[in-house]
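Please read the structure below before turning to the comments.
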Amino acid sequence: MRYIIYYLLIINVVGGIVFAVDKQLAKKEKTRVPEATLHLFEAFGAFPIILLLMYTIHHKNKKAKYFLITWLIALLWLGVVAILLYKKLSC
């Protein structure tokens, strides 16, 4: 369990940094981090920090498609966690 927490902390820190760097690149009108890469970080567990940053640094929060995919990934994660907790509690 401890390793899962470490993993999630690391992936959120790295994902948050990549997301913030993409915001800075956007401001400077330079080559950006592909959205697929950002979604990959979300899928690997960085969705909490990316959702937080979407609203705090106002990045990608007006792109409907990106917004929808991010929330779908978050809901999928929450569903998996709910199922795992239910199974653990019912045993």
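The values are calculated or read from the model by the stated rules, or taken from the named source; none is laboratory data. Predicted model only: the values in this text are computed from it and were never measured. Here the Cβ is made from the backbone with ideal geometry for all residues, glycine too, and neighbour counts use every protein chain on show. Note: accessible area is taken over every heavy atom of the protein model, side chains too, but ligands, DNA and RNA are not part of it. Shrake-Rupley method; radii C 1.70, N 1.55, O 1.52, S 1.80 Å.
Being outside any helix (DSSP H, G or I) and of a type in the set (S, T, Y) narrows it down to one residue among T70, T31, T37; which is it?
Unique residue meeting the criteria: T31.
Looking at the structure I just gave you, is Y86 hydroxyl-bearing (S, T, Y), under 15 Å from the mean Cα position of the chain (by Cα) and at pLDDT below 95?
Working: hydroxyl-bearing (S, T, Y): yes; under 15 Å from the mean Cα position of the chain (by Cα): no; at pLDDT below 95: yes.
Here the answer is no, as Y86 does not meet what is asked.
Taking interchain pairs and intrachain pairs at least six residues apart, which have beta carbon atoms under 9 angstrom, with the first residue in the range 50-75 and open to solvent by 60 Å² or more (accessible area, probe 1.4 Å) and the second assigned to a helix (DSSP H, G or I)?
L52/G16; H58/K23; K63/E35; K65/E35; F67/M54; W71/F47; W71/L51
Look through the range 1-41, keep the residues that are of a type outside the set (V, I, T) and under 10 Å from the mean Cα position of the chain (by Cα), and return whichever of them is surrounded by the fewest Cβ atoms within 10 Å (Cβ to Cβ).
L40
Based on this model, can you work out whether A82 counts as surrounded by fewer than 14 Cβ atoms within 10 Å (Cβ to Cβ) and not polar (S, T, N, Q)?
For A82, the condition - surrounded by fewer than 14 Cβ atoms within 10 Å (Cβ to Cβ) and not polar (S, T, N, Q) - is met.
Please tell me if I17 is assigned to a helix (DSSP H, G or I), at pLDDT 95 or above and within 20 Å of G79 (Cβ to Cβ).
no
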